[in-house]
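Quick notes on the structure that follows.
Coordinate-derived values only; no laboratory data. Owing to the predicted nature of the structure, the values given are computational and were not obtained by experimental measurement. FYI the Cβ positions are ideal-geometry reconstructions off the backbone, even for glycines, and counts take in every protein chain you see.
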């Protein structure tokens, strides 16, 4: 029952609003979100969104380890696009130190981050379709994501949480057969994305559940601090890669997809088009990239090669100092920001000159999305909560940090 019926003395039936607790055990709430929903029949009158059921403690965990040991924690912020987090954190520490990675390193970081962004969008669109009954589209999306994950594993050595980036460089260069393998994966993923378009773009059920549902204006979205595809679906073209280019993004020709209504369907279309734009960026990286080192030649930042560690006392000492004491980052503070899968990902770091962060604060895109989520839900039906919440693509690891 969606409402409580109260019989009056005259025999007429009156109704009172129903308060409903939705989550955190509800499957659509990811186990990390709870909503207090006030219903008038099937219409959502008021929503209070509670995050914090994951209890990860990301920021305090980072402050208890060395600068380099933070890397695996960043993978868990957004575990669907972890390489975007790797890159964002490394850039923040490098900015604080006052160094910049090599050109080839930045090209590879962009390739891996854009590949990770594609996986993020595929997961969001596929899961959203599945929650509306479109299981075939979900299978296509996951198959495409799996192709990219297999390719990523050949580069990083890990399938999901990669810890691939290093402060001042990367774990390894690209494999020698990366380009032919990538071309095979790209063709397969593009074919699967085309199949998803054919299944969903004009599907009557999908359109009825997505169009004109969960709408928000660009003005309100900016007031709430929205970024990423949710903001761009409202018509605002803010993208960190264009607005404040970092690494080598100013060398690439790509578009920033925007919507008009800011509804669920626009968010779907924006993400699907961003997949195409990420492929454009990767193609340009592969054409422009030249041979060269991927790591800075600075023994204060990067571990020495294993043959030096095992074959010389100097290498052993250098390895020991970085592992035990950590990189000695100069005193200061910095804020660095990048465009992650769900929007602007920022790291605010404070160093006292020691081997570990004094303060590590993250600005995750999902946190801002959650504070304005209630406006996307109120006024619509309770059945609209699931597709709207899915189109926002909340990642629990980002929110409860």
Gaussian network model of the chain, Cα springs within a sub-10 Å range: biggest mean-square fluctuation belongs to which of 213, 70, 51? 51
Dividing the mean separation of Cα pairs under 8 Å (6+ apart) by the residue count of segment 276-401 yields a relative contact order in percent of 14
Relative contact order (%) - segment 203-305, alpha-carbon pairs under 8 angstrom, separation at least six: 28
So how far, in whole Å, is the C-alpha centre of segment 130-172 from the one of segment 249-317? 14
So for segment 14-168, using the alpha carbon gyration tensor with a ≥ b ≥ c as root eigenvalues (a/c under 1.5 gives rounded; past that, a/b versus b/c decides prolate or oblate), I'd call it oblate
If each of residue 202 and residue 260 carries a label point 7 Å out from its Cα toward its Cβ, how far apart are those two points in nm? 1.8
Can you bin segment 287-401 into rounded, prolate or oblate? Criterion: square roots of the alpha carbon gyration tensor eigenvalues sorted a ≥ b ≥ c, rounded for a/c under 1.5, prolate for a/b above b/c, oblate for the rest. prolate
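For the peptides 118-124, 276-282, 243-249, what is the packing order when you average, over each peptide's residues, the other Cβ atoms within 10 Å and list the highest mean first? Present the calculation step by step, with values, prior to reporting the outcome.
Numbers: 118-124: 25.9, 276-282: 18.9, 243-249: 15.9.
Result, highest mean Cβ count within 10 Å first: 118-124, 276-282, 243-249.
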Compute the angle between helix 103-131 and the longest alpha-carbon principal axis of the chain, please, reported from 0 to 90 degrees and rounded to the nearest 10. 20
Under a 10 Å cutoff between Cα atoms, tell me which one of 364, 180, 387 has the largest fluctuation in the Gaussian network model of the chain. 180
In whole Å, what is the distance between the alpha-carbon centres of segment 216-237 and segment 50-66? 28
What percent do you get for the relative contact order of the chain when only Cα pairs under 8 Å and 6+ apart count? 24
For segment 155-223: rounded, prolate or oblate by the Cα gyration tensor [a/c cutoff 1.5]: oblate
Which angle between 0 and 90 degrees, to the nearest 10, do you get for helix 178-200 versus the longest principal axis of the chain when only C-alpha atoms count? 10
Helix-derived mean residue ellipticity, 222 nm - over the chain, DSSP H n ≥ 4, -39500 (n - 2.57), to 500: -14500 deg cm²/dmol
Calculate how steeply helix 82-97 sits against the longest principal axis of the alpha-carbon atoms of the chain, using the helix alpha-carbon long axis, and give the answer as 0 to 90 degrees to the nearest 10. 50
